[in-house]
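The values are calculated or read from the model by the stated rules, or taken from the named source; none is laboratory data. In this text, all values refer to a predicted model and were calculated from it rather than measured experimentally. Quick reminder, even Gly has a Cβ in these numbers, built from the backbone with ideal geometry, and neighbours come from all protein chains shown. Keep in mind that these areas ignore ligands, DNA and RNA; they rest on the heavy atoms of the full protein, side chains included. Shrake-Rupley method; radii C 1.70, N 1.55, O 1.52, S 1.80 Å.
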Amino acid sequence: MVAGATISTDLSDTDWLDALRGIGDKGGYFSSLGASHAAVFIEQSHDVLFVSFETLFSIRSVSDTGMPMAFDICDRRGWSHLTLIAQTQDWFRDPKIWAYFDRLVDYGFFEDFDQVIFYGAGMCGYAAAAYSVTAPGATAFLVAPQATLDRGLTEWDTRFPTTRRLDFQSRYGYAPDMLEAADAAYVIYDPDEAEDAMHASLFRGPNIHPFRYRRGRAGAIEADLRNMSLISAISESAVNGALTPAR
């Protein structure tokens with residue numbers, strides 16, 4: 001059992017990952033995906049799977065329990081959850097991540113769950129949108145996501161100079177296109193943040209619902225959603241069939 005699991009904030013990053021591996025092995029699995037990424041899955045039921053993308057830094061700096069947010073949201077509801085963790089700012093653009101999701105599709109992993117929810121903010125919002133294509137019919141909640149950082153399409157976004165060498169043209173590359181099979185995608189962004197608003201405008205389609213929230217970039221918006229327990233509440237409304245754009 002992993003309910004109520006915590007990891008000490010005093011550990012090094014390596015020891016923290018080792019502790020999370022132990023928790024994952026007890027309740028599901030933990031997989032290292034190369035040197036910079038990991039996945040931890042906890043199986044509780046086949047009703048709901050909550051898939052979230054986080055960075056190691058954000059987990060360790062924000063969580064009171066030292067755990068990925070999915071543990072807090074899902075454990076008391078009996079939902080299964082899968083967290084993808086990045087140790088670097090690479091937008092999860094790694095062939096090992098592609099291969100991992102390919103394996104999940106080949107094994108019919110997502111088909112085992114009645115409902116699948118993808119969540120992420122900023123860089124992780126990009127990844128949540130991009131990889132949601134592997135679970136047709138999923139619901140996605142995206143906080144200030146980037147659509148792509150391909151310089152040919154987004155030369156107006158100069159915030160992330162280290163991404164110039166990243167490949168956004170190959171597999172799972174353009175996040176808005178990857179949402180075509182989603183049941184619904186909710187894009188929450190601050191219209192006063194020019195780059196975030198421009199990225200949000202690239203997410204188009206009858207299943208995509210934009211929401212303007214004047215608060216700042218992804219980190220500030222996500223902090224509000226966490227503090228007000230809205231990520232949890234929105235997810236539960238979606239599971240219960242009560243979430244509409246108006247609500």
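Here are some notes:
- Inter-label distance for ASP167 and TYR29, nm, one decimal - labels placed 7 Å from Cα along Cα-to-Cβ: 2.5 nm
- The peptide list 161-170, 114-123, 196-205, 130-139, put in order of mean Cβ contacts within 10 Å with the highest first, becomes 114-123, 130-139, 196-205, 161-170.
- Candidates per chymotrypsin sites (Phe, Trp or Tyr not before Pro) in region 70-109, loop by DSSP, up to 13 other Cβ within 10 Å: TYR107
- Cα gyration tensor of the chain - equivalent ellipsoid semi-axes, whole Å, descending: 25, 21, 18
- Its residue count N sets the reference 2.2 N^0.38 Å, and the alpha-carbon radius of gyration of region 187-247 equals 1.17 times that reference.
- The charge dipole of region 1-149, taken about the Cα centre with unit charges on the Cβ atoms of Lys, Arg (+1) and Asp, Glu (-1), comes to about 180 debye, rounded to the nearest 20.
- For LYS26, LYS96, the ranking by accessible surface with the largest value first comes to LYS26, LYS96, using a 1.4 Å probe.
- Residue order by solvent-accessible surface for ARG151, ARG215, ARG76 is ARG76, ARG215, ARG151, largest first, with ligands and nucleic acids left out and a 1.4 Å probe.
- Equivalent-ellipsoid semi-axes for region 1-119 (Cα gyration tensor, √(5λ), whole Å, largest first): 21, 18, 12.
- Rg/Rg_ref, region 127-247, where Rg_ref = 2.2 N^0.38 Å and atoms are Cα: 1.06
- When shorter helices are ignored and each DSSP H run of at least 4 residues is given -39500 (n - 2.57), the per-residue value for the chain at 222 nm works out to -9500 deg cm²/dmol.
- Cα gyration tensor category, rounded, prolate or oblate, for region 119-168 with a/c compared to 1.5: prolate
- The chain: antiparallel DSSP beta bridges as a percent of all, rounded to 5: 30 percent
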